[in-house]
Each structure stands twice: as structure tokens, then as C-alpha cells.
Number of protein chains: 2
Amino acid sequence: MTPPATERTARQDRAAILNLLEEIARAHYEKSAAGIAAPYAPHAVIFDLEPPLVHDGIDPKRKEAWLGIWEGPVTIATKGIEVKVTGDVAFAHGYVRLAGRKKGAARDVDFWMRQTVCLERRDGNWRIVHEHTSVPFYMDESLRPAFDLKP
Amino acid sequence: MTPPATERTARQDRAAILNLLEEIARAHYEKSAAGIAAPYAPHAVIFDLEPPLVHDGIDPKRKEAWLGIWEGPVTIATKGIEVKVTGDVAFAHGYVRLAGRKKGAARDVDFWMRQTVCLERRDGNWRIVHEHTSVPFYMDESLRPAFDLKP
């Protein structure tokens, strides 16, 4: 049986959004700041790992500088991404692993974070309008980020 | 001029969602674990400040224990909440201030966090299906949470 058209479309939309997240991962590996920035809407509301509380869109120059601190490729892997689509609005959440070695460092960076992305379809293309990335922190005296957790 | 029906509905939906967030704030002030838990869907995917990476829904018993560590009321204030609604799906993001004094503490806790909530309309009521709350951390040797930021 062929599923109804709306169901087929929702499936295509989910696939398009997962593909968009894959493109961001690939752009990290290729260290392409333009590739990383491409799927974001202008002035996307970005809640990132580092201060300030909010960043106004993805600035390719800032991203370029960030990519420059890594020795080789930056590896991004995703896990457990759940996508919900209705009409021209969607949200997705799951886990993102960031791995690589910073220039001059003796050890690799390698940890999992949580990520939520909210998207809108604009001129036929899904664009990230909001992204929230974080690591929880231990509520003890250390207050250290919980870099040791795995999904 | 009366705005078109869809626009009126979107405005009502936004108002309902902002009201739901206000109810969560009021329930914190009244220290009502049931009141805090009420607007969440069962098995809502919760990315909280503290580990693990994900919590499976809001557990009123766990929330009750958390409320018990505070001396007086827990004050929640929101700022800059933006809401996007389409059909039966919505998302919202903004800033939440948490203030209060823990039992036995000499000073108040008082800091701002970022919050993203994703909602679905179920049986006519908006329910939170995903929530992501975080504080960024300083990318220096301290790795301390940035409790000093204000929106």
C-alpha cells in the first residue's frame, strides 16, 4: 500500500532535515566555514556551548577562526536525532559527538553534547532558525561540564 | 479591521503557550511539583542543567525532592520568549532567571539560563514534548558555568 501524500511528504521532510544535519557534519570534517553556515537562516538564534547567552546567526568568519584551532579534521557524529515536522515548521533533538585534536594539544577532545534545532521552510529550503547546544554540568563543588556522558 | 481567522488563532496559541510557561513559574513559586509537571507530555525529552544527558519526562517525586532543598519560594522569571506556532506544533526560546536560597546557604542563587521548549497540541491542550535548558561555560581553564550573564 502506498502511504497517503501527507505522510510521504513528512517522510521526505524528515529525510531532508537529517540530510541538512549530515551536511553540517561533513562541512566540519572538510573544515568549510561556508558549508557549516549555509543551512542557517540569517539572524538564527544560537544558544552555543560558550558565552554569550546568545549568538546572532552563524558568522562564517568566527567559524573560520574556530576551525583554525584544530590540528586536523573536526569529526561530528550524531545519534538519536528525532525530527518532528508540521507544514513549514520543524524541530529536531538528539546527541552530537565532537572529536578532534586542537593544535599543540597532547590529547584529543572527544565528548557528547545535546542539541536542539528548530527549522522553517523558506523558499522551499529548510533553514535552521534556532539552535541550542549544551553539556550538562555536575551539581557538586566542581561545577565541571559532564564531558564523560554517552547517549 | 479584524485580522484573518488563522492569524487570530496563532495569536491565541502564542498566548496559551506563554500562559503555560507562566504557570510553570507560578508553580515554582508555590513549590507545587504537580503544578510544575502538569504541562509536560509523558516521556517528554528533557535536556536539563544537570546530568544525565536526558531525563525521561518530569518526575513529580524528583521535582518534589528538588523543591525541598530551597529555603523559601523558588522565583522563575522569563525574558525575551519568542514563540513560533504552526498547526499543532510550536517551539519557543528565551531566557529564564532562577532565584532563591538553598537551605543552610549564606547567599542566594540567582542566574539566567537559556531555554528552548517544543510543544504539541494534544486533545486541545498544548503540552511540552521537549525542553532544553542550559548555561554556557567559559572556554578557559576554569570551564565554569557562566552564571554571571544577563539577557
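Please treat every number below as a calculation from the coordinates, not as lab data. Small disclaimer: the values here were computed from a predicted structure and weren't measured. Cβ atoms come from the backbone with ideal geometry, glycine included; neighbour counts cover every protein chain shown.
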Relative to the first principal axis of the alpha-carbon coordinates of chain B, what is the inclination of helix B:5-29, with its axis defined by its Cα atoms, in degrees from 0 to 90 and to the nearest 10? 20 degrees
Hey, fewest Cβ within 10 Å first, where do A:108, A:148, B:123 land in order? B:123, A:148, A:108
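Shape call for region A:60-151 from the C-alpha gyration tensor, a ≥ b ≥ c root eigenvalues: rounded (a/c under 1.5), prolate (a/b greater than b/c) or oblate? Walk me through the numbers on the way to the answer.
Numbers: a/c = 2.42, a/b = 1.45, b/c = 1.67.
Verdict is oblate for region A:60-151.
Is there a pair in A:63/A:84; B:31/B:63; B:63/B:102 whose C-alpha atoms are over 18 Å apart, and which pairs would that be?
Working: A:63/A:84 28 Å; B:31/B:63 9 Å; B:63/B:102 15 Å.
Where the Cα-Cα span goes over 18 Å, the pairs concerned are A:63/A:84.
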Averaged over residues of B:52-61, the number of beta carbons from other chains lying within 10 Å of each residue's Cβ is 3
Dipole magnitude of the protein assembly as shown, debye to nearest 20 (Cβ charges: Lys/Arg +1, Asp/Glu -1, about Cα centre): 20 debye
Are there any GluC sites (Glu not before Pro) in region B:110-151 that are in a DSSP loop and have at most 10 other Cβ atoms within 10 Å? List them by number. B:141
Given the options B:128, B:65, B:99, identify the residue whose Cα lies farthest towards the positive end of the charge dipole of chain B (+1 on Cβ of Lys, Arg; -1 on Cβ of Asp, Glu). B:99
For chain A, what does the helix formula give at 222 nm: sum of -39500 (n - 2.57) over DSSP H segments with n ≥ 4, over the residue count, nearest 500 deg cm²/dmol? -8000 deg cm²/dmol
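Residues of A:82-94, mean number of Cβ from any other protein chain within 10 Å of their own Cβ, rounded to a whole number? Provide the component values of the computation, followed by the final result.
Numbers: counts 3, 0, 6, 2, 8, 4, 2, 7, 4, 10, 2, 9, 3.
What the average comes to for A:82-94 is 5.
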10 Å Cβ neighbours from other chains, averaged over peptide B:118-127: 1
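Hand me the GluC sites (Glu not before Pro) from region B:1-72 located in a DSSP loop with no more than 15 other Cβ atoms within 10 Å, in residue order please.
On the way: sites: B:7, B:22, B:23, B:30, B:64, B:71; in loops: B:30, B:71.
Answer by residue number: B:30, B:71.
Under a Cβ-only charge scheme (Lys and Arg +1, Asp and Glu -1), can you give me the dipole magnitude of region B:5-134 about the Cα centre, in debye to the nearest 20? The partial results should precede the final answer.
Working: 19 positive and 18 negative charges, 58 e Å.
Here the size comes out at about 280 debye.
Going by how many other Cβ atoms sit within 10 Å of their own, how do A:76, A:58 line up, fewest first? Each step should come with its number before you reach the end.
Working: A:76 19, A:58 22.
By the 10 Å Cβ count, ascending, the order reads A:76, A:58.
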Just to confirm my numbers, what's the Cα centroid distance between region B:41-65 and region B:67-142 in Å? 13 Å
So the label point sits 7 Å from Cα along the Cα-to-Cβ vector; using that for residue B:88, what distances do you get to the other copies, in nanometres, sorted shortest first? 2.2
Please work out the FRET efficiency for the pair residue B:62 and residue B:19, using the Cβ-Cβ distance as r and a Förster radius of 30 Å; give the result to the nearest 0.05. 0.75
Would you mind telling me the antiparallel percentage of the DSSP bridges in region A:5-134, rounded to 5? 90 percent
